[in-house]
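Working notes for the structure below.
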Amino acid sequence: MVTIGCVSYLNARPLTDGLEAEPSLRVVSDVPSRLLGRLLAGEVEIALCPIIDYQTAPVELCIVPVGAIGSEGRTLTVRLFAGKPLSEVSRVAVDGDSRTSVALLQIVLRDLYGAVPQLEPLPAGPPPQQLPPGIDAVLLIGDKVVTAAPRLPYQLDLGEAWRLLTGLPFVFAAWLSPVSSGLGELPELLRRRRDRNRHRVRELAAAHAGAAGWPAALAEHYLGTLLRYDIGQRELKAITTFWSKCQEAGIIGELRPLRLYRHADLDEARVAVSQPTVASIRAGGSH
């Protein structure tokens, strides 16, 4: 029995739907920011973690390149809501569910708007419909962006902003595992599940949109058109570019090289990277 850590958001369904029925798996769900802790504690062998966790974890990890949550521009569910022009934002309340999104916010505000705001944690509970006193903007992620977003005059989709800044897709989360892990047939199982679910988008939207508070048609557009679930050459370049920009902004320190998990049964053509069993690609370099 292998235990895997997943997020319960709608956006993970194309990667995870059906895994709970696999007799060899146990699925644990949590918010993205807590999955790394479960991985480090040995509660799960692999987890769908925020991509920044690869650099900030106290142990070396590898990316298991059989699925990710990303976008080629607009995300719909990673957005900043502001009460003033973004260049004037000085204090932001941030949703702590994803450390990747908080880092991405700092990069796009700095590089596109010249703003370096003070960040404060957003209180637990439903998103505020009005900005708290002294707060200029709120960063929200996940299903609540669709179901309970505040109505404020200035908004920024972070995936769209990243595409404007770099011309690249963005990868928010990927399957991570310790470098010493022996995952057996699990990577191939996860890849097959992703490939099967990509043809079930309408079914997934119909089955899960209601519980997440989404209109079914919007959920289908979100899962089938806006989001991306593969890791190829452009996604790897996007990941390492993001890490480099995090380092430039002082968010993370010395960069680890990118390591990809390899297994004899993995179809390397699907990953679009030709490397040895553990691939090391220096962050920010060419691929």
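The values are calculated or read from the model by the stated rules, or taken from the named source; none is laboratory data. Nothing here was measured: the structure is a model prediction, and the numbers come from that model. Please note: Cβ atoms are built from the backbone with ideal geometry, for glycine as well, and neighbour counts cover all protein chains shown. When the accessible area is computed, the model is the full protein with side chains, heavy atoms only, and any ligands, DNA or RNA have been set aside. Shrake-Rupley method; radii C 1.70, N 1.55, O 1.52, S 1.80 Å.
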Considering only strands (runs of 3 or more DSSP E) wholly within the stretch 111-166, the ones with at least 2 residues that are modelled with pLDDT of 90 or more and surrounded by fewer than 19 Cβ atoms within 10 Å (Cβ to Cβ) are 118-121, 154-157
Only one of (1) out of contact with any Pro (no Cβ under 8 Å at 6 or more places or on another chain); (2) farther than 21 Å from residue 103 by Cβ does not apply to residue 256, and that is (2)
Residues in the stretch 172-200 that are open to solvent by less than 60 Å² (accessible area, probe 1.4 Å), of a type in the set (Asp, Glu) and touching a residue at least 40 places away in the same chain (Cβ under 8 Å) total 1
Taking first residues from the stretch 236-263 that are farther than 18 Å from residue 164 by Cα and second residues anywhere that are at pLDDT 95 or above and small (Gly, Ala, Ser), the pairs with Cβ under 6 Å that are 6 or more apart or on different chains are 251/103
Can you find even one residue in the stretch 83-90 that is at pLDDT 95 or above, in contact with a Pro (Cβ under 6 Å, 6 or more places away or on another chain), part of a loop (DSSP other than H, G, I, E, B) and open to solvent by less than 20 Å² (accessible area, probe 1.4 Å)? yes
Considering residues that are in contact (Cβ under 8 Å) with a residue 12 or more places away in the chain and open to solvent by 70 Å² or more (accessible area, probe 1.4 Å), the number found within the stretch 14-28 is 1
Subset of the stretch 101-135, residues among the hydrophobic types (A, V, I, L, M, F, W, C) and either over 23 Å from the mean Cα position of the chain (by Cα) or over 13 Å from residue 158 (Cβ atoms) (or both), comes to 115, 116, 119, 122, 124, 131, 135
All conditions in (1) out of contact with any strand residue (DSSP E or B) (no Cβ under 8 Å at 6 or more places or on another chain); (2) open to solvent by 20 Å² or more (accessible area, probe 1.4 Å); (3) farther than 19 Å from residue 30 by Cβ are true of residue 107 except (2)
I'd like to know if the stretch 153-171 contains one or more residues that are touching a residue at least 24 places away in the same chain (Cβ under 8 Å), touching a Cys at 6+ places or on another chain (Cβ under 9 Å) and hydroxyl-bearing (Ser, Thr, Tyr). no
Of the residues in the stretch 1-13 that are open to solvent by 10 Å² or more (accessible area, probe 1.4 Å) and not in a loop (DSSP other than H, G, I, E, B), the one that is nearest to residue 226 (Cα to Cα) is 11
Report task. With respect to residue 40, determine if the residue is touching a strand residue (DSSP E or B) at 6+ places or on another chain (Cβ under 9 Å) and touching a residue at least 24 places away in the same chain (Cβ under 8 Å). Result -> no
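For every residue, the table says whether it meets (1) modelled with pLDDT under 95; (2) assigned to a loop (DSSP other than H, G, I, E, B).
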position	(1), (2)
190	no, no
196	no, no
247	no, no
253	yes, yes
280	yes, no
Only one of 217, 205, 211, 264 is part of a helix (DSSP H, G or I), open to solvent by 70 Å² or more (accessible area, probe 1.4 Å) and either in contact with a Leu (Cβ under 7 Å, 6 or more places away or on another chain) or at pLDDT below 95 (or both), namely 211
Over the stretch 64-89, the set of residues β-branched (Val, Ile, Thr) and within 15 Å of residue 32 (Cβ to Cβ) is 69, 75, 77, 78
